[in-house]
Amino acid sequence: PDVTHEHALFLSNMLFDPREIQDLLRETGLSRREVVARLTEAYCGALRGWVRAG
């Protein structure tokens, strides 16, 4: 895989740790749908920022 793909996987692993997601659900009172939406937006933003900075 190209380096961009590897970096995308790196960012994904950082953001989508199952233990952290469980903590988010438990501690924030957000619904599962809200957590998914926020993490998806955060991931997309991280990818855009990574590409712009590179």
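Every number here is computed from the coordinates shown, using simple stated rules; none is lab data. Predicted model only: the values in this text are computed from it and were never measured. Using ideal geometry, Cβ is built from the backbone for each residue, glycine included, and neighbour counts are taken over all protein chains shown.
Restricting attention to the stretch 8-26, the residues that are among the hydrophobic types (A, V, I, L, M, F, W, C), over 22 Å from Arg52 (Cβ atoms) and loosely packed, with under 12 Cβ neighbours inside 10 Å add up to 0. Reported count of residues in the stretch 15-47, each being touching a residue at least 24 places away in the same chain (Cβ under 8 Å) and either assigned to a loop (DSSP other than H, G, I, E, B) or of a type in the set (A, V, I, L, M) (or both), is 6.
Against the condition in a helix (DSSP H, G or I) and loosely packed, with under 13 Cβ neighbours inside 10 Å, how does Val51 come out, does it pass?
Values: in a helix (DSSP H, G or I): yes; loosely packed, with under 13 Cβ neighbours inside 10 Å: yes.
Criteria met by Val51.
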